[in-house]
Amino acid sequence: MDATNKILYKEESFTIIGACMKVHGSLGAGFLEAVYEEALEREFQTLKIPFKRQVKLDL
């Protein structure tokens with residue numbers, strides 16, 4: 001594997017993706033984005049994953 005395919009922060013990435021999968025697995029499909037956002041926020045809080053919600057990006 002070359003450097004372009006290396007995952008940075010592998011453990012953190014695994015934890016975040018796991019939280020996303022747990023939320024989607026619990027809720028299933030069909031909800032509005034806001035519902036998943038709220039549920040993911042709660043899951044991040046439970047796992048003590050720091051986050052910022054709805055951060056404005058200057059593009």
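The values are calculated or read from the model by the stated rules, or taken from the named source; none is laboratory data. Predicted, not measured: the structure shown is a model, and the values here were computed from it. Here the Cβ positions follow ideal geometry from the backbone for every residue, glycine too, while neighbour counts run over all protein chains shown.
If you go through segment 2-20 and keep only what is modelled with pLDDT of 90 or more and not in a loop (DSSP other than H, G, I, E, B), you end up with 10, 11, 12, 13, 14, 15, 16, 17, 18, 19, 20.
In this structure, is residue 43 exposed (fewer than 10 other Cβ atoms within 10 Å of the Cβ), out of contact with any His (no Cβ under 6 Å at 6 or more places or on another chain) and in a helix (DSSP H, G or I)? The answer is no for residue 43. Among the residues of this structure, residue 29 does not count as one that is assigned to a helix (DSSP H, G or I) and free of Cβ contacts under 8 Å to residues at least 60 places away in the same chain.
Pairs linking a residue in segment 7-22 that is among the small types (Gly, Ala, Ser) to a residue that is modelled with pLDDT under 95 and exposed (fewer than 14 other Cβ atoms within 10 Å of the Cβ), with Cβ atoms under 7 Å and 6 or more positions apart or on different chains, are 13/7.
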